[in-house]
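Enquirer: Let me give you the structure first, and then I'll get to my questions.
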Amino acid sequence: MIKLYHAPRTRSVRPRWLLEEMGVPYELVRLDLGQKEHKRPEYLAIHPHGTVPALVDGNLALMESSAICMYLADKFPEKGLAPAPGTPERGLYYQWMVYAVATLEPPLIQIFQHTMMLPEAERSPKALQEGQEKFREVARVLSDALQGRPFLLGDRFTAADVMVGSTLVWASLLGLLGDQPTLQAYVQRLQERPACQKAQAD
């Protein structure tokens, strides 16, 4: 059985959400980050960086939420959460899967660091402004992509919506979607999905 190592309010929400969408059996292993369970030798043997998520499927151990989600979507093609290989839709799917971590996430991390994470003495107004400007650019691109469609690939919900949507939930919690009605509506649609609600519950 697939085993997912998870901690609440981390990137492990992504593969958990996807697994819930699929409705396939899996074992959820909750790690207490406060107790440093993710730094114990037995977990480091699975994930050498000691972060979450990690997924174990037979002899395969995977890290990186985007890689895990792509693997799962391909492992269960009958669930329809990834377009067929070689199609234009598959190309767009890859684009948004990578965009979530390579382009959308970095400005959010920068904003989070310079508003909440770093000690006040180490926060930089300039770095914060740069992060906010970059996020506005990313938000514009995503808003344009979602015009007139419920999901990134049109009427079809895919794993790309899990990746991008989960990251936009974080942006919403940081108060960054107040002037982004298209993205607000998109996040609301996603959060109404039972699988999303279950993944975010604990």
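The values are calculated or read from the model by the stated rules, or taken from the named source; none is laboratory data. Remember, it's a predicted structure, so these values are computed and weren't measured experimentally. Note that we place each Cβ from the backbone using ideal geometry, even for glycine, and neighbour counts take in every protein chain shown.
Enquirer: If a residue has to be among the aliphatic types (A, V, I, L, M) and closer than 15 Å to residue 65 by Cβ to count, how many in the range 29-45 make the cut?
Expert: 1
Enquirer: Condition check: touching a Phe, Trp or Tyr at 6+ places or on another chain (Cβ under 8 Å), within 28 Å of residue 5 (Cβ to Cβ) and modelled with pLDDT of 95 or more. Does residue 46 satisfy that?
Expert: Yes, satisfied.
Enquirer: Now, a different point. If we keep just the residues of the range 1-28 that are aromatic (Phe, Trp, Tyr) and touching a residue at least 40 places away in the same chain (Cβ under 8 Å), which is farthest from residue 66 (Cα to Cα)?
Expert: For the range 1-28, the residue satisfying everything is 5.
Yes/no per residue for (1) among the hydroxyl-bearing types (Ser, Thr, Tyr); (2) modelled with pLDDT under 95; (3) touching a strand residue (DSSP E or B) at 6+ places or on another chain (Cβ under 6 Å):
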position: 108; (1), (2), (3): no, no, no
position: 112; (1), (2), (3): no, no, no
position: 125; (1), (2), (3): no, no, no
position: 147; (1), (2), (3): no, no, no
position: 157; (1), (2), (3): no, no, yes
position: 186; (1), (2), (3): yes, no, no
position: 189; (1), (2), (3): no, no, no
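Enquirer: State all residues of the range 172-197 that are crowded, with 19+ Cβ neighbours inside 10 Å, part of a helix (DSSP H, G or I) and touching a Phe, Trp or Tyr at 6+ places or on another chain (Cβ under 7 Å); if no residue qualifies, say none.
Expert: 196
Enquirer: Same structure, new question: Conditions first: (1) of a type outside the set (Ser, Thr, Tyr); (2) assigned by TED's automatic domain parsing to the domain that holds residue 184; (3) out of contact with any Leu (no Cβ under 6 Å at 6 or more places or on another chain). Residue 96 passes all but one, so which condition is the exception?
Expert: Status for residue 96: all satisfied but (3).
Enquirer: Further, regarding this structure: Could you tell me which of the residues 55, 18 is part of a helix (DSSP H, G or I) and either under 16 Å from residue 202 (Cβ atoms) or of a type outside the set (S, T, N, Q) (or both)?
Expert: Selected residue: 18, the only one of 55, 18 that is part of a helix (DSSP H, G or I) and either under 16 Å from residue 202 (Cβ atoms) or of a type outside the set (S, T, N, Q) (or both).
Enquirer: So which of 38, 49 is over 16 Å from the mean Cα position of the chain (by Cα) and in a loop (DSSP other than H, G, I, E, B)?
Expert: Answer to the selection: 49.
Enquirer: Filtering the range 1-46 down to residues that are among the acidic types (Asp, Glu) and surrounded by 14 or more Cβ atoms within 10 Å (Cβ to Cβ), which residue is farthest from residue 171 (Cα to Cα)?
Expert: Ranking the candidates gives 37 first.
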